[in-house]
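Presented below is the structure to which this report refers.
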Amino acid sequence: MKVGDLGTKIAFCSLGCSKNLVDTEVMIGLLRDAGMEIVSDVHRADVVVVNTCSFIADAAQESVDAILDYADLRAEGKLRALLVAGCLPQRYGVELMKEIPEVDGIIGTGQFDRCAEAIAEALDGRRPVFLENPGYLPPERAPRVVTTPAHYAYLKVGEGCVNRCAYCIIPSLRGPVRSRPVEAVVGEAEELARGGMREAIVIAQDTTMYGADLYEAPSLAKLLRELTGVEGLEWIRIMYAYPSRIDTELVEVIASAPKIVKYLDLPMQHGSDRLLRAMNRHASRDQMIQVVEELRKQIPGIVIRTSLIVGFPGETDDDFDELLDFIRIVKPERAGVFKFSREEGTPAYDMPDQVPEEVAAMRWKMTMEVLREISRKYGQSRVGSLVRAIVDGPSDESELVVEARSFAEAPDVDGKIYIGDATLRPGQFVDVRIDDASDYDLAGSLE
């Protein structure tokens, strides 16, 4: 088969984070340009590509389970080829094909641009293994088919990470920091805005390291200023910011630019200095508290989202109490909590004093309870207020209700605003009066 043969139907299964999703969207664009047809129904597909995650054990297991489901179809002759892409093959290499022989080819994180070639080789029976340098950075004007609702899209500004957190395998899977030029990011944003994007969600492994490799210093503030000039773009949301790299210039840009929503994703991981040092995090407890205080001072009403880890090796009851105290001081309106996942190849894997699973589970539950109360109180404080919201679409709860979000809610990871008006269209901005609040979601009505 030639790469450009028409009629070959490709289905994708994209797992993991939003950064993975962008990789999938680029592969879809490349395959479409190569003359292949992308289908959503796997039963119509000739080939399935599973784009995987292996950041933590649960994510890796989800990826393996998905591969096994498609492997059954391959074994039954219902697929002509099954390919696995992304972090899982980058981590385990050809062992993956040995363990699951139905897999016809693998594509590492640095070889997404060879997806059409890999499919062609797999269909020819050659079992391609594309595992060179990790971390693919799309060139300017790379084809991409956005799979989110048209009104929002993830804007991936760079690839790779240099932070080397003790628990994290990502640097070995994605390589060092490489940034896309400002012109390339802005050009993509302009093209997406012409296609209907109203909210751009800025992502990378560490957005605050953006541009350090290109411009001699981190340059996220510079990029954000340029993005605010994109016609048709109304909201810019920043995710994955590193606490110790929040500087005065960045705060000023967020505070002064109306298009930049007053929301910042700021993974902090823990509240014990002893644990933060063990994790190889580069911000202390007091520094993170000061960063949040300064953000709240300079940007009144800003919503802080964070990520936290419980059960890290050596975490004592005193360390955990420090974490809970830290949370009560910082009061993040949005948060995700993870139980430590012991990942081979990371420094934390061999650390002594591994915390028993049942202890980590108990601490996770206690942490979530504290955060749930903070979220509930924040939601209640918004009852009666008027907010501008963007409609995401019909709710799964009822055909009479739509789901929407304000500046305070990022898609997929935060709660929703439910509005009882089924006539509202996805991508429509509306003024909503908040009528009620639950732990994480809100209910509102049109003003």
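The values are calculated or read from the model by the stated rules, or taken from the named source; none is laboratory data. All of these numbers come straight from a predicted model, not from anything done at the bench. Cβ atoms come from the backbone with ideal geometry, glycine included; neighbour counts cover every protein chain shown.
Observations, loosely collected:
Let's see how each residue does on (1) of a type in the set (A, V, I, L, M); (2) in contact with a strand residue (DSSP E or B) (Cβ under 6 Å, 6 or more places away or on another chain); (3) in the same structural domain as GLY160 (by TED's automatic domain parsing):
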{"position": "PRO176", "(1), (2), (3)": "no, no, yes"}
{"position": "LEU220", "(1), (2), (3)": "yes, no, yes"}
{"position": "THR248", "(1), (2), (3)": "no, no, yes"}
{"position": "GLU252", "(1), (2), (3)": "no, no, yes"}
{"position": "TYR263", "(1), (2), (3)": "no, yes, yes"}
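- Residues that are assigned to a helix (DSSP H, G or I), surrounded by 15 or more Cβ atoms within 10 Å (Cβ to Cβ) and either touching a Lys or Arg at 6+ places or on another chain (Cβ under 8 Å) or of a type in the set (A, V, I, L, M) (or both), drawn from the stretch 326-361: PHE326, ILE327, VAL330, ALA348, TYR349, VAL359, ALA360
- Those residues of the stretch 403-417 which are in contact (Cβ under 8 Å) with a residue 24 or more places away in the chain and within 16 Å of LEU446 (Cα to Cα), in sequence order: ALA404, SER406, LYS416, ILE417
- Members of the stretch 126-137 found to be over 17 Å from the mean Cα position of the chain (by Cα) and not in a strand (DSSP E or B), listed by number: ARG126, ARG127, PRO128, LEU131, GLU132, ASN133, PRO134
- Residue match in the stretch 168-175 (condition: modelled with pLDDT under 95, farther than 18 Å from LEU223 by Cβ and surrounded by fewer than 19 Cβ atoms within 10 Å (Cβ to Cβ)): yes
- Within the set GLU183, GLU117, GLU188, the sole residue that is surrounded by fewer than 21 Cβ atoms within 10 Å (Cβ to Cβ), of a type in the set (Asp, Glu) and not assigned by TED's automatic domain parsing to the domain that holds CYS53 turns out to be GLU183.
- Single condition GLN354 does not satisfy, out of (1) modelled with pLDDT of 95 or more; (2) farther than 20 Å from ARG305 by Cβ; (3) among the polar types (S, T, N, Q); (4) not assigned by TED's automatic domain parsing to the domain that holds GLY271: (4)
- Scanning the stretch 64-84 for residues that are small (Gly, Ala, Ser) and in contact with a helix residue (DSSP H, G or I) (Cβ under 7 Å, 6 or more places away or on another chain) yields a count of 1.
- Selection of the stretch 393-431 for residues being out of contact with any Phe, Trp or Tyr (no Cβ under 7 Å at 6 or more places or on another chain), farther than 19 Å from ILE238 by Cα and not in a loop (DSSP other than H, G, I, E, B) yields GLY393, PRO394, VAL402, ILE417, TYR418, ILE419, PHE429, VAL430, ASP431.
- Considering the conditions (1) surrounded by fewer than 17 Cβ atoms within 10 Å (Cβ to Cβ); (2) in contact with a Leu (Cβ under 6 Å, 6 or more places away or on another chain), ARG141 is excluded by exactly one of them, (2).
- Test for SER406: is it touching a strand residue (DSSP E or B) at 6+ places or on another chain (Cβ under 6 Å), at pLDDT 95 or above and among the hydroxyl-bearing types (Ser, Thr, Tyr): yes
- Within the stretch 140-164, the set of residues being assigned to a loop (DSSP other than H, G, I, E, B) and either in contact with a Phe, Trp or Tyr (Cβ under 8 Å, 6 or more places away or on another chain) or on the phi > 0 side of the Ramachandran plot (or both) comprises ARG141, THR148, VAL157, GLY160, ASN163, ARG164.
- When residues in the stretch 67-91 are screened for being closer than 23 Å to LEU173 by Cα and crowded, with 17+ Cβ neighbours inside 10 Å, 11 of them pass.
- Restricting the stretch 294-323 to residues that are of a type in the set (D, E, K, R), farther than 30 Å from GLU357 by Cα and out of contact with any helix residue (DSSP H, G or I) (no Cβ under 9 Å at 6 or more places or on another chain), the residue that is surrounded by the fewest Cβ atoms within 10 Å (Cβ to Cβ): LYS297
- Selection over the stretch 39-72 of residues that are closer than 27 Å to VAL146 by Cβ and either over 23 Å from the mean Cα position of the chain (by Cα) or not assigned by TED's automatic domain parsing to the domain that holds PRO101 (or both) gives a count of 10.
- With respect to the conditions (1) surrounded by fewer than 22 Cβ atoms within 10 Å (Cβ to Cβ); (2) in the same structural domain as SER256 (by TED's automatic domain parsing); (3) among the polar types (S, T, N, Q); (4) within 17 Å of the chain's Cα centre (by Cα), THR207 lacks only one, and its number is (1).
- Any hit, the stretch 54-72, residues being more than 24 Å from CYS17 (Cβ to Cβ) and assigned to a loop (DSSP other than H, G, I, E, B): no
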